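First comes the structure, then the notes that go with it.
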Amino acid sequence: MGKHRWKGKLHKPIYIGSIPIEGTNERLQETVEQEIIEKLQLLMKHYGIADKDDYLSLALALASNYVPGIQVKQVALKLKHGDWGAVIRDNIGRHKVWPPEQRLRLLNAVEEAKQRHKFSTDHEALSHLAQHGEWSRPADRGEEQWLKTLKNQLAKARFEGQSRKETAIC
């Protein structure tokens, strides 16, 4: 889910100070409370919560963004035969190792996409490739996770290509 970039009033802290006049600090606390309630209403609007008294839904929306144990992740499932058809997660274990040929195809696809679509960065090209064809995101991977995988494999492909060039020079 990553870091959230708040805007407007949700980005600005509530600044307070102490005023040495009797009774003003009590009113200051009321003002802070009113400001917090106003910002809670903005959070509810941000998360699309219609009932402005539904703080449980707000807490769940915030927690699902920031608490990994509450986040719901899509994973591939398969039936485990011989165990009365028990459903198990398909992606348990070590990640698949990409062969050098596959990384080279990715490198070529990125360079081709950069030329064809006039992308200036690898990120733009990879984002495009992740939406189409051979390099599209698998169902069991989140978008950010898949882009990170593609970036890592692209870096490995470039490193391998550089190592081959250095070996050929020697």
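The values are calculated or read from the model by the stated rules, or taken from the named source; none is laboratory data. This structure is a prediction, so every number in the text was calculated from the model and none was measured. Note: ideal-geometry Cβ built from the backbone for every residue, glycine included; neighbour counts use all protein chains shown.
Each residue in the stretch 133-155 was checked for being part of a helix (DSSP H, G or I) and farther than 12 Å from Arg105 by Cα, and 11 of them qualify. Selection within the stretch 89-109: residues that are among the hydrophobic types (A, V, I, L, M, F, W, C) and loosely packed, with under 11 Cβ neighbours inside 10 Å. The member of this set that is modelled with the lowest pLDDT is Ile92. Taking the stretch 25-53 as the range and being over 18 Å from Leu10 (Cβ atoms) and not in a helix (DSSP H, G or I) as the test, the residues that pass are Ala50, Asp51, Asp53.
Each residue in the stretch 112-132 was checked for being assigned to a helix (DSSP H, G or I) and of a type in the set (S, T, N, Q), and 2 pass.
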